[in-house]
Amino acid sequence: RYEPTWGSLDARPLPVWFDEAKFGVFIHWGVFSVPSFGSEWFWWYWQKEKREPYVKFMDTNYPPGFSYEDFGPLFTAEFFDANQWADILKASGAKYVVLTSKHHEGFTLWGSKYSWNWNAVDVGPKRDLVAELAASVRNRTDLRFGLYHSLFEWFNPLFLEDTANAFKTRKFPTSKSLPELYEIVTKYQPEIIWSDGDGNAPDTYWNSTGFLAWLYNDSPVRDTVVTNDRWGAGSICAHGGFYTCSDRYNPGHLLPHKWENCMTIDRRSWGFRRDARLRDYLAIEDLVKQLVETVSCGGNLLMNIGPTHDGRIAVVFEERLRQVGTWLKVNGEAIYGTKPWRAQNDTVTPGVWYTFSSKEGKVNAIFLSWPVSGILELGEPQAKLGETQVRLAGYKELLKWVALGEKGMVIALPQLTPQQMPCQWGWTLQLTDVN
């Protein structure tokens, strides 16, 4: 059994499924999806920081005295079809999904008994959105279902009172935040608890270790659940299950601890923005590059989309997700279930990243641009004459190659028309019998 101490909790082995999954989809959805302007931090930027674009937006478009709470009934979700969402998630090739059950605004997407009249069952859609998505994901896909949960809430009076008392009192975690965590785990049995938002309070204020000890020892998901590292000030990149370290974290080198790169398709926001331009969205080439670099260095990629207030996944997000799925259909063997190789990227040719498929003993060299010459030089693999074989994923015939001295090889790529290419945006060479 795990003790409620970091020493004990950090010693828990991460369930194997998480490392093998490699790719998940993050969904930021809430009342912030109604103004859908600027950022999901809309309430804070408008009311607390009084940033000019937000204040002007409200003054221009809403009557005087309109409060953030007034957005609640406008969070309608009339087009939300959990089955459709599940089908898009499945088509993306993702192996898990993480939904914001509650962001820093405090609005819960389930009918929490600890969030009276500020939840999706009492206000707005009048539906349990968490339950609907959980059911569809489990019935229609093999994805693992996970929930994001914000520890703190910007404007909750109990939290503000505890803050004023320098966190010597603990009214907010004991009456709101912790009861919600126990509630979502018991009710929905998520296999990822993605905690966030410590409000600068230490983990002792949140009693994070007490909750995690229960989660790992006695909860209905104790054997399969994974957690992240955002459990109080000072715990990020130091304690918990997998490390996130910061948003959009992509170190470009191997880390000694399992980590995740959580990032957004919209460069500027996690929630939906009606004011986004096409150039604000990452192109599919950018997303494949992020995935390949992250997995080569031992991480998982958690790619975020922000649905609309009425429950739609915007077409641009759907297209990007389906494109990643198309790419993974051809190159998935070089991603899922792989381990980092001794070299993460090539020393001679830039834009070549390696993974290792230990079951087949294959080294995967994923290259992101097709050389004009049709010749690809790799500085890292040590090929063996008469033994090493080179294949292009999605292409039948073996490729010809020559070794370069002690280390390195030159590979002749097949001469293909764009229509004959096995895929776009990145290609995988599978090398067997290399040192």
Rounded to the nearest 0.05, FRET efficiency between THR347 and LYS187 (Cβ-Cβ, R0 60 Å) equals 0.75
Counting only protein heavy atoms and using a 1.4 Å probe, what share of the accessible area of the chain belongs to carbon plus sulfur, as a whole percent? 51 percent
Measuring from label point to label point, each 7 Å out along Cα→Cβ, what is the TRP370 to ASN61 span in nm? 4.3 nm
Quick check: net charge around GLY72, other residues with Cβ under 12 Å of its Cβ, Lys/Arg +1 and Asp/Glu -1? -3
GluC sites (Glu not before Pro) restricted to DSSP loop in region 65-119 with at most 16 other C-beta within 10 Å: GLU78
What accessible area per residue comes out for region 150-306, rounded to a whole number of Å², with a 1.4 Å probe? 36 Å²
By DSSP, what percent of the beta bridges with both residues in the chain are antiparallel, rounded to the nearest 5? 50 percent
Trypsin sites (Lys or Arg not before Pro) in region 162-236 lying in a DSSP loop, each with at most 10 other Cβ atoms within 10 Å of its Cβ, come to LYS168
Within 10 Å of each candidate Cβ there may be at most 13 other Cβ atoms; applying that plus a DSSP loop requirement, which trypsin sites (Lys or Arg not before Pro) in region 86-121 survive? LYS113
Expected vector for region 274-279, Karplus 3J(HN,Hα) from phi with 6.51, -1.76, 1.60 and θ = phi - 60°, integer Hz, x for Gly and Pro, equals 5, 8, 6, 9, 4, 5
Protection proxy (average C-beta count within 10 Å per residue), highest first, orders 53-60, 301-308 as 301-308, 53-60
Region 339-432: C-alpha gyration tensor shape, a/c 1.5 cut-off, then a/b vs b/c: rounded
When averaged across all projection directions, what area in nm² does the alpha-carbon convex hull of region 1-68 cover? 8.3 nm²
Can you work out ³J(HN,Hα) from phi for every residue in region 226-243, in order, using Karplus 6.51 cos²θ - 1.76 cosθ + 1.60 and θ = phi - 60°, giving whole Hz and x for Gly and Pro? 10, 10, 9, 10, 10, 10, x, 3, x, 8, 5, 6, 9, 9, x, x, 8, 9
Given H placed 1.01 Å from N in the peptide plane, which residues other than close sequence neighbours of ILE236 have an amide H under 5 Å from its amide H? TRP231
Nitroxide proxy distance, nm - points 7 Å out along Cα→Cβ at ALA135 and LYS48: 3.6 nm
Enumerate the calculated ³J(HN,Hα) couplings along region 352-365 in order (Karplus 6.51 cos²θ - 1.76 cosθ + 1.60, θ = phi - 60°), each rounded to whole Hz, writing x wherever the residue is Gly or Pro. 10, 10, 10, 9, 10, 9, 5, 4, 8, x, 9, 9, 9, 10
Going down the list LYS329/LYS400; LYS90/LYS113; LYS95/LYS362; LYS102/LYS258; LYS102/LYS339; LYS258/LYS289, which pairs span over 27 Å between their C-alpha atoms? LYS90/LYS113; LYS102/LYS339
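The values are calculated or read from the model by the stated rules, or taken from the named source; none is laboratory data. In this text the structure is predicted, and so the values were computed from the model without any measurement. No Cβ is skipped: glycine too gets one built from the backbone with ideal geometry, and neighbour counts run over all protein chains shown. Side chains included, ligands, DNA and RNA excluded: accessible areas come from the protein's heavy atoms. Shrake-Rupley method; radii C 1.70, N 1.55, O 1.52, S 1.80 Å.
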